[in-house]
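Every read-out reported here was derived from the displayed coordinates using simple, explicitly stated rules and does not represent laboratory data. Owing to the predicted nature of the structure, the values given are computational and were not obtained by experimental measurement. All Cβ positions, even for glycine, are placed from backbone atoms using ideal geometry, and neighbour counts span all protein chains on display.
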Amino acid sequence: AYIAEEGAMTSDGLFWRGVVVILCALWASNFACAKIALDQPGVDASLYAVARFSLAALALVPGSINAVRKGSISWETARGAFVCGMWVAFGYLGQLIGLMTTTPSRACVICSLNCIFVAIVAELMRVNSTKERGYMTDFDLKKLIPALIAVTGVAIIELKGAAGGPVIGDLIAFAQPIGFGMGYLQLEELMKKQPSAAMPVSAIKLSVVTLAALVFFEASPHAAADLAASVDADAVVEGAKQSIGGFELKIPDFTPILSSPMALAVIFYTGLITTSAALYVESIAFQRVSATDASIILTTEPLFAAAVSSYLVGETFGTSDAIGAFFIVGACIYAIKMGDSEEICDEETKACVVEEL
């Protein structure tokens, strides 16, 4: 991440950090928008996912075809983008399924834990890379301090938050920091190796997410037309039994979305603005901003999400939620400050230690 860190000290680097802040605000609006879409008659998480990500992927096809013709992407980068897309799909599906039972603000706070995940994985990558070069080094246990602080924040929100006690959606929402965190790390590597591949990389990622959404749609009993209008526990169980008894492909029926101006507006906004355009700009930004730096900027997402959710869906963000978010944001800031260090290796002992700058 040396190039990104060096660029961050210039005005260009500051500009792209500002761009990441804007992306953060856009992504924060996804939580409330998804909640609004899922509240529309006949629209469930699987149908919403298929519509949103299909539209987003199609929007990037023309530019990606042109980029491929110019040789802007290699097979190696394309394979990396496919893997990156799988991680992003894991995060997005966790977000959508989690929002079926949890609140937008709580899901967003959980999502902000990706900075801790990124810091820990980056340290593991450093240890493995050092050992591959023939040196000895140990995992810096100080990297776990921010994680403990962040877990405290999550505990406060889960046990004392305005949305009540923990729900299953909270657990599912933890797919976000894992999926998005791995996506950030891989995207940074891809953009360092081939900066010209921003458009096709984004298209490949979204194609994978769309495919995952289709699989989710086919496997989900919620997607059945006869269950979409009113889903209850008994209907879900019955739908699951039918799916297990005999699997058959279903063609997505977008009528509930097309007949609802609100759902249609949400699909166009989240599909074209916060997904298609945002992921393309993200690929360009990650050429100049490291995954670690981006993750700290993205910790402001819960603040944007709380404001948007309060305005759009009337969600309450209580004192305990604010205190919990403060712990998580503080943990992420501490994690990034700990990341300002360098590895010092002794050629004689073949041992390496990490020293703060």
**Complete:** Once both label points are put 7 Å beyond Cα along the C-beta direction, the Lys142-Ile344 separation in nm becomes 1.2 nm
**Asked** Sorted by mean Cβ packing within 10 Å, highest first, what order do the peptides 50-58, 35-43, 323-331 take?
**Response** 50-58, 323-331, 35-43
**Prompt:** Using 12 Å as the cut-off for backbone N distance, which residues of the stretch 26-50 belong to the label zone defined by a point 7 Å from the Cα of Asp253 along Cα→Cβ?
**Reply:** 42-43
**Message:** Need the full-extension length gain, Asn66 to Ser196, defined as separation in residues times 0.36 nm minus the C-alpha distance. One decimal, nm.
**Reply:** 45.6 nm
**Request:** Pull out the extension gain between Leu264 and Leu124, defined as 0.36 nm times the separation in residues minus the alpha carbon to alpha carbon distance; nm, one decimal.
**Result:** 46.1 nm
**Request:** Place the peptides 109-118, 83-92 in order of packing, highest mean first, counting for every residue the other Cβ atoms within 10 Å and averaging per peptide.
**Result:** 109-118, 83-92
**Relative contact order (%) - criterion: Cα under 8 Å, at least six apart; region: the stretch 1-144** = 23 percent
**Asked** Among 298-309, 138-149, what's the highest-first ranking by average C-beta atoms within 10 angstrom per residue?
**Response** 298-309, 138-149
